[in-house]
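The values are calculated or read from the model by the stated rules, or taken from the named source; none is laboratory data. Because the structure is a prediction, the values reported are computed rather than measured. A quick note on method: Cβ atoms are made from the backbone with ideal geometry, for glycine too, and the neighbour counts reach across all protein chains shown. Only protein heavy atoms, including side chains, enter the accessible area calculation; ligands, DNA and RNA are left aside. Shrake-Rupley method; radii C 1.70, N 1.55, O 1.52, S 1.80 Å.
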Amino acid sequence: DGFVLALANYPTFNLNEYNQVPKSEEARMKNAAVADIYDPGSVFKIVPAAAALEERLVTPRTVIDCSLEQVSHRGRTLKLPGEDHPMGRLSVSEIISHSSNRGAAQLGMLLGEERLYRYARAFGFGAKLGFPVGGEVSGILNPCKKWYPIDITRIPMGHSISATVLQMHQAMLVIAAGGVLLRPQIIRQIRDASNDVVYRYDRIELGRAVSPVTAAALAAMVTGVTRPGGT
């Protein structure tokens with residue numbers, strides 16, 4: 001429902017003695033979960049997979065050749081990313097469970113730059129989510145006109161894009177929430193001195209990323225990561 005149950009940073013500091021933190025260590029005074037960005041990597045593969053399912057370009061059983069080293073896209077021959085180990089023909093479900101870089105890249109190509117960008121934004125990347133405290137940043141998701149030709153093969157595997165830990169968490173939450181992007185919140189209710197609830201916060205929907213049917217299909221697919229053969 002978007003409410004954060006726990007969030008911690010390490011190394012930490014004593015908030016009562018914040019002025020005693022050495023200047024060289026002041027970076028630990030920020031909320032790294034919302035203020036620092038990183039390349040999310042393979043967990044981002046839920047975005048091209050969900051988008052391709054939503055657009056009915058594939059089904060979980062659609063087979064893609066993940067042994068290919070290069071593919072033609074818009075008149076260019078693009079080199080596909082490497083794999084941790086050789087992979088052959090995989091279903092879209094197996095692309096997720098085996099974490100195939102080349103499979104994710106080909107899903108991105110099926111979508112094209114504009115649709116991949118649109119779905120990435122719908123999943124909450126490239127914009128602040130409205131976290132109430134901690135210096136939240138937007139992350140980095142360049143508009144399509146600033147992409148290099150090879151980015152269509154790299155962004156689907158979580159490279160050439162930077163996000164906060166919170167953004168990636170909320171993107172995964174889209175799948176659990178039936179396809180809806182939710183605002184992260186930390187206060188559920190306010191009580192008075194008599195312990196009576198005087199105000200209750202409800203979940204806040206920022207927008208629908210995919211349909212409930214697509215979210216349910218992807219939820220089933222990601223469980224394959226924990227099964228034999230999964231990553």
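From the set of residues in the stretch 55-70 that are among the polar types (S, T, N, Q) and part of a loop (DSSP other than H, G, I, E, B), which is least open to solvent (accessible area, probe 1.4 Å)? Only one residue fits best here, namely 62. Within the stretch 188-231, the set of residues being in contact with a helix residue (DSSP H, G or I) (Cβ under 9 Å, 6 or more places away or on another chain), open to solvent by 80 Å² or more (accessible area, probe 1.4 Å), over 13 Å from residue 60 (Cα atoms) and at pLDDT 95 or above comprises 208 only. Scanning the stretch 122-133 for residues that are buried (at least 17 other Cβ atoms within 10 Å of the Cβ) and either closer than 16 Å to residue 40 by Cα or out of contact with any Pro (no Cβ under 7 Å at 6 or more places or on another chain) (or both) yields 122, 123, 124, 125, 126. Taking residue 145, is it over 22 Å from residue 222 (Cβ atoms), modelled with pLDDT under 95 and charged (D, E, K, R)? Judged against the criteria, residue 145 is a match.
Pairs are defined by a Cβ separation below 8 Å, a sequence spacing of at least 6 or placement on different chains, a first member in the stretch 170-191 that is among the polar types (S, T, N, Q), and a second member that is open to solvent by 50 Å² or more (accessible area, probe 1.4 Å); the pairs so defined are 185/132; 185/201; 185/203; 185/204; 189/197; 189/199; 189/200; 189/201. Taken as a whole, the stretch 30-44 holds at least one residue that is surrounded by fewer than 21 Cβ atoms within 10 Å (Cβ to Cβ), among the polar types (S, T, N, Q) and within 30 Å of residue 188 (Cβ to Cβ). Can you tell me which residues in the stretch 142-187 are surrounded by 22 or more Cβ atoms within 10 Å (Cβ to Cβ), touching a helix residue (DSSP H, G or I) at 6+ places or on another chain (Cβ under 6 Å) and closer than 30 Å to residue 72 by Cβ? Of everything in the stretch 142-187, those that are surrounded by 22 or more Cβ atoms within 10 Å (Cβ to Cβ), touching a helix residue (DSSP H, G or I) at 6+ places or on another chain (Cβ under 6 Å) and closer than 30 Å to residue 72 by Cβ turn out to be 152, 153, 156, 157, 158, 161. Take residue 136 and decide whether it is within 25 Å of residue 181 (Cα to Cα), crowded, with 19+ Cβ neighbours inside 10 Å and without any contact (Cβ under 8 Å) to a residue 40 or more places away in the chain. Taking the combined requirement at face value, the residue does not satisfy it. Set side by side, the residues 85, 73 differ, and just one is open to solvent by 60 Å² or more (accessible area, probe 1.4 Å) and over 19 Å from the mean Cα position of the chain (by Cα), which is 85.
Results for (1) of a type in the set (Gly, Ala, Ser); (2) in contact with a Gly (Cβ under 8 Å, 6 or more places away or on another chain), shown as yes or no for each residue.
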site: 92; (1), (2): no, yes
site: 104; (1), (2): yes, no
site: 121; (1), (2): no, no
site: 126; (1), (2): yes, yes
site: 130; (1), (2): yes, no
site: 143; (1), (2): no, no
site: 157; (1), (2): no, yes
site: 160; (1), (2): yes, no
site: 174; (1), (2): no, yes
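For the stretch 149-161, the criterion of being of a type in the set (Asp, Glu) and either in contact with a strand residue (DSSP E or B) (Cβ under 7 Å, 6 or more places away or on another chain) or touching a residue at least 40 places away in the same chain (Cβ under 8 Å) (or both) is met by no residue.
Within the stretch 15-29, being open to solvent by 70 Å² or more (accessible area, probe 1.4 Å), over 23 Å from residue 165 (Cα atoms) and not hydroxyl-bearing (Ser, Thr, Tyr) holds for 16, 17, 19, 20, 23. What single numbered condition from (1) under 30 Å from residue 115 (Cβ atoms); (2) in contact with a Pro (Cβ under 6 Å, 6 or more places away or on another chain) fails to hold for residue 55? Failed condition: (2). Scanning the stretch 102-121 for residues that are touching a helix residue (DSSP H, G or I) at 6+ places or on another chain (Cβ under 7 Å), farther than 20 Å from residue 79 by Cβ and open to solvent by 40 Å² or more (accessible area, probe 1.4 Å) yields 114, 115, 117.
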